[in-house]
Amino acid sequence: IGKDVISNMKPDAVLLNFARGELVDSEAMKEFLDGGNGKYVSDFPDDLLWDHKNSLILPHLGASTEEAEDAAASMAAETIKNFLEKGTIVNSVNFPETSLPDRPENAVRFVCVNQNLPGMLAHITEAFAKANLNILQQINHSRGEIAYNVMDVDITDHDDVLSFKEVQEVITMQEGVLSSRIIFGKAGQGYAKNLMGEYFV
């Protein structure tokens, strides 16, 4: 909000700014406040405006209260817990939001991160088909160059983890796959990654 806008405001106008302090041209606003009965209300202190008689500067504490800090910590813990236990992604800055319903009792959850390229999902599901493993439910979301897949695989006739680990290695070593995870037992286990052509678990 610069001089071109502020100069066209009514002399008794009140400008509320709770977005960002730098959005308002301080010098233009001071000139406006000096010349009339207008008001400026904000929670961002400004060297030119904070002590002006027509400014009302409020504390900027919304995110720093004890309640807000507790809520943020609780949300972060719940987000990490859901990722480790269910493969769910929310509030990520670089991954797509992805959530699959709770896995059935007769299923193992498989999570895969890959480059967002045509045909990648088909290659992943084909590996399960070749191992005679049936996918009960799945979700595939992408964001930019990254795709994220969550699949629940039927274990009715496959009660050993080894068969899943073999399929996991096949999938993880495919070109374009970045990492994979089998969610079972203790949360955080079952992670694998393709590091420059080497299988890392």
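Highest mobility in the GNM of the chain, judged by mean-square fluctuation with C-alpha springs under 10 Å and restricted to ASP157, ASP43, ASP51, is found for ASP51. Measuring with a 1.4 angstrom probe and ignoring ligands and nucleic acids, HIS123 comes out at about 90 Å² accessible. Nearest 10 degrees, 0 to 90: what angle lies between the long axis of helix 66-86 and the longest principal axis of the chain (Cα atoms)? It is inclined by approximately 20 degrees. Taking every alpha-carbon pair under 8 Å whose residues sit at least 6 apart, the stretch 58-164 reaches a relative contact order of 25 percent. Remark: the stretch 67-128 carries 58 Å² of accessible area per residue (probe radius 1.4 Å; ligands, DNA and RNA excluded). Put a plus charge on the Cβ of each Lys and Arg, a minus charge on the Cβ of each Asp and Glu, and nothing anywhere else: the dipole of the chain about its Cα centre is then about 300 debye. Nearest 0.05, what FRET efficiency do ASP34 and VAL5 give at R0 = 25 Å with Cβ-Cβ as r? With a Förster radius of 25 Å, E is 0.90. Annotation for the stretch 3-54 versus the stretch 129-144: alpha-carbon center distance of 55 Å. Only Cα pairs under 8 Å and 6+ residues apart enter the sum, and on that basis the relative contact order of the chain stands at 15 percent. What a 1.4 Å probe finds exposed on the chain is 55% carbon and sulfur by accessible area, rounded to a whole percent. Taking the chain as a Gaussian network of alpha-carbon nodes connected by springs under 10 Å, the highest mean-square fluctuation of the residues LYS165, LYS30, LYS86 belongs to LYS30. Using a cutoff of 8 angstrom between alpha carbon atoms and counting only pairs six or more residues apart, the relative contact order for the stretch 107-201 works out to 33 percent. Quick one: among SER179, SER163, SER26, which has the greatest mean-square fluctuation in a GNM of the chain with alpha-carbon springs under 10 angstrom? Fluctuation is largest for SER26. In the assembled protein chains, MET29 presents an accessible area of approximately 0 Å² (probe radius 1.4 Å).
Quarter the surface of the alpha carbon convex hull of the chain and you get the mean projected area, 16.9 square nanometres.
The values are calculated or read from the model by the stated rules, or taken from the named source; none is laboratory data. Please read these numbers as outputs of a predicted model, since none were measured by experiment. With ideal geometry, Cβ positions are generated from the backbone for all residues, glycine too; neighbour counts draw on all protein chains shown. Surface areas here come from the heavy atoms of the whole protein model, side chains and all, with no ligands, DNA or RNA. Shrake-Rupley method; radii C 1.70, N 1.55, O 1.52, S 1.80 Å.
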